[in-house]
1. Taking N as the number of residues in the protein assembly as shown, what value does Rg over Cα atoms divided by 2.2 N^0.38 Å take?
2. Taking amide hydrogens as modeled 1.01 Å from N in the peptide plane, which residues meet the under 5 Å criterion relative to B:Asp319, leaving out close sequence neighbours?
3. Amide H neighbours of A:Ala513 under 5 Å, at least 5 residues apart or on other chains, H built in the peptide plane: list them.
4. Determine ³J(HN,Hα), in whole Hz, for all residues of the range A:452-461 in sequence, where each value follows from phi through the Karplus function 6.51 cos²θ - 1.76 cosθ + 1.60 and θ = phi - 60°; x replaces Gly and Pro.
5. Can you tally the net charge around A:Asn462? Count Lys and Arg as +1, Asp and Glu as -1, for every other residue whose Cβ sits under 12 Å from the Cβ of A:Asn462.
6. Please work out the Kirkwood hydrodynamic radius for the range A:134-196, using every pair of different C-alpha atoms, and report it in angstroms with one decimal place.
7. Place a +1 charge on the Cβ of each Lys and Arg in chain A and a -1 charge on the Cβ of each Asp and Glu, then give the dipole magnitude about the Cα centre in debye, rounded to the nearest 20.
8. So what is the orientation-averaged projected area of the range B:166-227, using the convex hull of its C-alpha atoms, in nm²?
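The values are calculated or read from the model by the stated rules, or taken from the named source; none is laboratory data. Everything numeric in this text was worked out from a predicted model, so none of it was measured. Here the Cβ is made from the backbone with ideal geometry for all residues, glycine too, and neighbour counts use every protein chain on show. Accessible surface areas use protein heavy atoms only, side chains included; no ligands, DNA or RNA. Shrake-Rupley method; radii C 1.70, N 1.55, O 1.52, S 1.80 Å.
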Amino acid sequence: MPNLDIGLSGLQVAQAALETVGTNIANASTPGYHKQSLQIAPLDLSGQGVTVYSGVTVAGVTRSIDSLTESEILRQTPLQGQVTTELTTLQSIEQSMGSIDSQGLLTAINSFVSSMNQLASQPDSVALRQQMASAADEMAQEFNTQGQSLTDLDGQIVQDAQNTCNQANGLIDQIASLNVQVEQAVTHGNSANVLKDQRDQAVKDLAGLVNVQVDTQSSSDGMVNVVAWGTPLVLGSSALHLQASSGGDDSLILSLQGGKPLQGDLQGGTLGGLVNLKNNLVAGLKGNLDTLATQLAAQINQAHVQGIGADGSFTSLDGTKTAGGTLGSWNAGITAGNAYVRVTNVATGATEHFALRVNPATDTLNTIAGKLNALQDNGVQVLTASVADSTLHLQAAAGYQFDFSPALDSQPTTSTLSGTSSPTVSGAYTGDSDQTYTFTVHDAGGTGTVGLSTGLTLDVTNAAGELVKTLSVGGGTTGQGYAAGDPLEVDNGISVALGAGTLTDGQQFTVQALANSDPTGFLSAAGMNTFFHGDSASTLAVNQDILDDPNRIAASQGPDATGNGNIQQMASVASEPLDALGGLNPVDYYQQMVTNLGEDIQTRQARQASMTSSLQQLQQQADDVGGVDINEEGTELLQYEKMFEAASKYITTADKAMQALNDML
Amino acid sequence: MQSRLIANLQEEAATGSRINRASDDPAAAFQVMSLQAQVQGIDDCNKNLASVSDDLAVNSSTLQQMTTTLTSAQQLLSQAASGTYQSSQRTVAAQQINSLLEQMVSLANTQNTGRYLYSGQKASTPPFAVTRVAGDITAVNYQGSQNDLSVPVAPGVQMSDLMNGANLFGSSARQAPQFLGTTGAKPGTATSSATGDLWLTVAHTATTYPQAAGVSAGDSSASDTILGDHTLTISTVNKTITLDNGTPVSYDGSESDLAVTNESGDVIHVNMTGATDGTFTVHGDGTLSTDDGQSTTQLTFADNVPVTDPATGKILYVDARNITHTGVEPVSVAGTHDVFEMLINIRDVLENKSNLTASQQSDLLNSQVAALQEVSNVVARSTTAVGAQLSSIENLKTSLSDQQDNANKETASLEDADTAQVATELAQEQTLYQMTLASAAKVLNISIMDYIT
């Protein structure tokens, strides 16, 4: 007896198969869709009968999935996401720095150095002074622009991170809700394939944003748990949201909403890339740029403070640093020690250095002002110092001028000489550190006359007590001895001349030679006659006084106001290696910065390229298994069409057989 | 991938540069940037070198003009010193010297592009200030900087641009002073700080007679010219009085102001009242001065009498032991002359402002010949030094331009794109790109669906 059921089962299966093929073709381009295949099994229709005839049934619809490849894709996607995010931002930074031939800041630094070198050739030229002031201003603005663009970028990154978090949170919600739907489908025995495909796609999308790990093992009900950086984001049906915020130290912090910040190395995905950009790459660049700006300014200032402008010494001067509290609290690296103010008596031209004791732990601008007010020249107060609006203001007493030049005073620092001869100091000290020279008179006769007494000498010893030189200031064969008033070279550029008169054996005078009048760094920190002010790349600026009057540029180290000693010193700063810049000079430091950025970009470009091709390969591999091949589906379409046809034929045949039987009956 | 390559190649083709960003080739980019800084540095040096070279060229030609001026002065001087000149001719020569002096001062205050060449680091201050009395220059003082303006002209090379004129136009190799007069003064053993030419005025203050001689200072004793110890011989027998080895002078014993002259022409005025017979020692006291008597030093007849000019503080040590009579002693300190002071002195001697005798004048002029030669040599030395600097500038220019060429070449080799290669690569990449697109289109085109009906 032909069983119609067999035909029916065939028809049903063929129909289901055609539907599957149809679904596959329809979803050929759906992202994340995996080809579904029908599992067909024979169906025992005979009960416990002996005769074996059976229909067919759908044993199940399975997703064609290459789990190993898919999990590898899931592992590599965050890496690619991170590298892409980093690369885009780094490239835009590089773009903003200008091309190699017109590196905005590098060109500006070089022009600034160049303007100083040129000013050194004509320190009296107002035009060249103007040029230098403009070049410095341009460089400062270039620093500002780059500093500001990095700061803006910082803000942009935080914004991006917040947007990315929102995007990720959407996906997290989607995964959690699909988890619920999958569970329902599974418990109701329905196919959850499409839902799973959707969920897999959401996980994959999420993997581009955060470094996810998917845990399918622990849940038997078809749900998946998603973990990122060790923190669960999806646990079954519950979703936990990410949020990005700026931390106290200006770092980017990721946390669960209402939870603690995520700990550890947050690598992977767009968010990982943003964290790395904000906290390492951009922060590093910003730090380097700030270091460069502040170091360059500090070095130029250190030299500038001690120089003299074309208009000579000051009668009054305003500091540029606005700050309260102790000097130590400025974080300007001020050390304890002496700063020196050089005061000139305008009438006599005599100069005197006054030591200003600086103790960053206890001194404030007010106590410094007090100490400055106490400085006296023969009982006359030489300076009036005041603090207004938290800046230091200095005013010279009538008949006096001041500056911070370390240039030698023409009179000895101390003297016990009682004879009629008086010494005069000249020259410029070229030593590297401060030195005190002691001159001791030697004369066998007790009192000698300069230029006359044979054997009259001065022994010169340095601070360490070492004999530096013996100066013969007595007479000799006619015309061969010492002529009063002739300068005698002592050491390191210092010369001493003895006036006509007598010197007494054993008496002494000392000459203090300063290498640096601001070893504590206080004067430059307080902005007394500095060139630049500002404490970061974005706040670096040339002092307004200098822009207003380029004669304020302290090109000279004295004694002449239009000398070029100091400007040469300043110009050399760009080529002096600095410890604070890792042993590089400022120009090289910036070049290194640009080169390092270039290297960062280059390695990321290479990684992105290899990552992309590797992911493409993996995707292809996955597609070979899970993708819809139209040709294959077409073939199946024909195959199941035939099956349907055949099953129909069988039913017709069976029907005819039944008819024939009926007719017989 | 291909489209990015094509974008890069297009940028290379457009800029002609292989490295447009550090990321194109970080290692080469660093070198390119360093080379650019180097080229910039060389540019600065070239600019400075050009300005120094310009200044030195003017400097050199100025010094040559000075040499010419000094040669004229030397000719004038040797003619005037020859002794054949009349005083009127000397006055004319003095005028000529004066105009040479004016010329020298104006040359010494030469400016180039508004900067004084010989003022050192005080480029905007005229280096030599003149003091004039009745239109004539009486002093030329250096008021420029003590320091040369040294300019960086090549990495690690400094060159004097604006110079200290005092060094260029004055010598500083002090020798013992020379005393050209007849007072008997000699240079002391101590070292004098006086410079150039100066006049030592040896004056008389009082003459003292031994009591035993009986005679005393006459009415006009103030105009006695003896200084130090002299021998006075009185013969009451012959009624004569003799000073040193001079001609005996007769007296009658009542003279209150008898002038007695020795063989050198020195004179004393004696009050002959109470003259006694015998040989006595008379002593003339006096003063010394180097500022025309404005300030005086007591003449002590010691070996080192310091005579100070309070205006300058400079000391002349005089060996006064052999001073016998008053006078004005020309003193010349060889090795300390400067051009201006020389010319002023020569002019003054020619004009004979100090009322010298013809022979003194001639002696002085002769002594100035050597001094003028000395300063001429100094200027000649300066000319040579500046000339040497100028020629070394030429060498520097060549070496700098070589360096610049090298740096530029190196930059080009690192940076420049090979245009032909870029074009070929660009064409290749484009073809590849098109093939990829075409094959993708083909692959997408063929499907079984085309064949199922």
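1. 1.62
2. B:Lys186, B:Gly188, B:Val305
3. Those lying under 5 Å, H to H, from A:Ala513 are A:Gln435, A:Thr436, A:Tyr437.
4. Going residue by residue, I get 10, 5, 6, x, 7, 9, 10, 8, 9, 10 Hz, with x marking Gly and Pro.
5. On the way: positive: A:Lys469; negative: A:Asp434, A:Asp459, A:Glu466, A:Asp491.
Combined, the nearby Lys, Arg, Asp and Glu give -3.
6. Details: mean 1/r = 0.0637 Å⁻¹.
One decimal place: 15.7 Å for the Kirkwood radius.
7. The dipole of chain A has a size of about 600 debye.
8. Hull-based average projected area comes out at 6.7 nm².
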